[in-house]
Structure formats: C-alpha cells, structure tokens
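Asks: I am attaching a structure below and will ask some questions about it afterwards.
What follows draws every value from the coordinates through simple rules; no lab data is involved. Since the model is a prediction, treat every value here as computed from it, not as a measurement. Positions of Cβ are generated from backbone atoms using ideal geometry, with glycine treated the same way; all protein chains shown enter the neighbour counts.
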Amino acid sequence: MPLKYLFVADDIESKIRSGEFKPQRRLPSCDELCETYDVSRITVRKAMDVLYDRGLVIKRRGSGTYVKDVDPEDSAPLDQLVQGYSESARELGASVDTQILTFEVCGAEGVVAERLRVPEGTPVYHIERVRSIDGSRGAVAYTWIPVKTVPNLTKQQAAQSIYRHVEVGLGLTVSSTHRSIRAVMPNLNERIWLSLPSEVPILEIDQVSFLSDGRLFEYTVLHHDTRDWSFRCVDTK
C-alpha cells in the first residue's frame with residue numbers, strides 16, 4: 001500500500017488527467033479532501049506538495065489550490081519517475097506486451113555488484129526483456145534485482161510488472177529512482193529486436209531504484225528506440 005499522501009496525490013492526478021478536475025478550477029478544500037480520503041490535514045498538504053512538484057497545480061495564497069492549465073502530457077515526469085515501464089505506459093492509455101529473453105538467478109559481478117552495492121557473488125535475478133507498446137517494440141530492458149530483497153519473483157511476474165509484485169505482492173514501497181540518460185549505438189541483437197536501421201542510435205537510461213526503507217532493490221539499463229521517444233520535464237522552484 002503506497003504512503004497515504006502519495007495515494008491521495010495519485011488519485012487526484014488521475015482525476016485531473018481524466019478531466020474530472022478541470023483546468024483553472026479550484027480543487028476541493030483541505031477539509032473536503034480530508035473527509036473524502038479520511039486522512040489528516042498534514043497528509044493533504046503533503047499530497048498538494050507532490051502535485052505541485054509534478055507541475056499539475058498552482059497554489060494561490062488565501063484562495064486555494066487550482067488545476068494548472070497545461071497539457072497533462074507536458075507535466076508527466078520522465079517515465080513517471082518511480083513507476084515501472086508497464087505502469088507508466090498504462091497510465092497513458094497504452095497496452096504493454098513483454099517478451100522475456102532471459103530469466104535466471106546468478107551471482108552479481110562487476111558493474112552490477114557495484115551499482116546494487118552488494119558483494120560480488122550475491123544472488124540476483126538477471127532479467128532481459130523486450131517491451132512493446134501498442135504492438136510496437138520500443139525498448140530492451142536489462143534488469144538485476146537482489147533475490148534477498150525481492151524474494152519469490154517469477155518469470156510470469158517479470159513479464160507483467162515487477163513493480164506490482166514489489167508493492168502489491170510484497171507490500172513494499174518504491175520511493176525513488178535515480179537515472180542517467182545518454183545516446184548510444186545499439187548492438188546487433190538490439191537492432192534485430194527493435195527493427196532498427198544500423199545508423200539509428202538508441203537512448204540508454206541507466207537507473208537504480210530504492211525502497212522507502214532505503215534499500216536499493218533494482219538496477220536496470222533500458223535501451224529505448226529514439227524514433228518514438230520524447231523527453232518532457234517540469235522545473236519547479
């Protein structure tokens with residue numbers, strides 16, 4: 001179960017994106033939201049801070065919090081920041097399909113052990129997947145997860161949503177994801193899997209994800225087809 005303020009923020013964001021809460025209209029008052037979600041005023045204020053950081057609302061002193069008049073896509077965080085690939089795509093109304101190329105348990109070595117901050121030889125899941133959105137192959141994901149941190153992960157769960165297993169199946173909360181992004185050239189297999197011409201670069205997203213208790217639970221290298229990829233971000237002060 002997500003933290004209460006994140007649940008409130010996510011639900012309000014969903015209503016903004018669906019049009020239930022209209023642009024330039026004031027959101028329900030703090031007291032009304034407290035009653036609707038059965039939470040404290042502190043929880044509502046933290047939820048409003050999250051929505052502000054996501055670029056979805058503005059705060060007017062003495063008046064309340066209003067829905068920002070902006071295209072929701074332009075306020076979407078990069079890959080939804082702390083969501084998995086499947087959840088992010090589905091929030092945009094797209095269908096996701098996953099082809100598992102590799103699913104095995106092995107010992108962490110080299111860069112993998114370093115990025116996961118575990119001793120070499122630590123058992124980790126090694127998962128390679130081709131991710132498709134609306135029938136079009138868009139990315140290849142290489143993922144390593146410590147077995148001790150995320151026990152009982154199955155190939156079927158890896159094909160559906162690892163994040164769902166972590167948060168729903170294990171009751172853990174993913175709190176943050178740290179990414180670096182660069183352009184690289186695909187290898188031969190990636191050109192075949194993504195149907196890429198030889199001269200087209202791909203976008204590499206190198207990321208590690210943390211649980212709310214501070215444990216590092218995932219290291220993923222995601223290679224995106226740049227022909228159908230765009231970058232949007234929101235800067236807030």
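Asks: Can you sort TRP193, TRP144 from fewest to most other Cβ atoms within 10 Å of each residue's own Cβ?
Replies: If I rank by nearby Cβ atoms, fewest first, I get TRP193, TRP144.
Asks: Hey, another quick one. Using 1/(1 + (r/R0)^6) with R0 = 25 angstrom and r between the beta carbons of ARG191 and VAL105, what's the FRET efficiency to the nearest 0.05?
Replies: Once rounded, the FRET efficiency stands at 0.30.
Asks: Out of VAL168, VAL184, SER212, whose Cα points farthest toward the positive end of the dipole of region 124-224 (charges: +1 Lys, Arg; -1 Asp, Glu; placed on Cβ)?
Replies: Selected residue: VAL168.
Asks: Could you give the nm distance between label points at HIS126 and ASP206, where each point is 7 Å from its Cα heading toward the beta carbon?
Replies: 1.9 nm
Asks: Could you check the simple spin-label distance between THR173 and ASP11, using points 7 Å along Cα→Cβ, in nm with one decimal?
Replies: So the two model labels end up 1.5 nm from each other.
Asks: Contour minus end-to-end for THR36 and LYS148, with contour as 0.36 nm per residue of separation and end-to-end as the Cα-Cα distance?
Replies: Fully extending the segment from THR36 to LYS148 adds 36.5 nm.
Asks: Using each residue's phi in region 178-191, evaluate 6.51 cos²θ - 1.76 cosθ + 1.60 at θ = phi - 60° and report the 3J(HN,Hα) Karplus result to the nearest Hz, with x for Gly and Pro.
Replies: 10, 10, 10, 10, 7, 8, 9, 8, x, 7, 4, 4, 5, 4
Asks: In Å and whole numbers, how far do the C-alpha atoms of region 1-46 stretch along each principal axis, longest first?
Replies: Rounded to whole Å, the extents work out to 25, 22, 15 Å.
Asks: If you don't mind, there's one more thing I want to ask. Using the structure shown, list the pairs from LYS22/LYS59; LYS4/LYS155; LYS4/LYS148; LYS4/LYS68 with a Cα-Cα distance above 25 Å, or answer none.
Replies: LYS4/LYS155; LYS4/LYS148
Asks: Please find the FRET efficiency linking ARG117 to ASP49, where r is the Cβ-Cβ separation and R0 is fixed at 30 Å, and quote it to the nearest 0.05.
Replies: 0.55
Asks: May I pose another question? Using a 7 Å offset from Cα along Cα-Cβ at ILE58, what residues in region 1-37 end up with backbone N under 16 Å from the label point?
Replies: 22-27
Asks: Okay, moving on. Listing MET48, MET185 from the residue with the fewest other Cβ atoms within 10 Å to the one with the most, what is the order?
Replies: MET185, MET48
Asks: Restricting to DSSP loop positions (anything but H, G, I, E, B) with no more than 13 other Cβ atoms inside 10 Å of their own Cβ, which GluC sites (Glu not before Pro) remain in region 95-146?
Replies: Of the GluC sites (Glu not before Pro), the ones in loops of region 95-146 whose Cβ has at most 13 other Cβ atoms within 10 Å are GLU109, GLU120.
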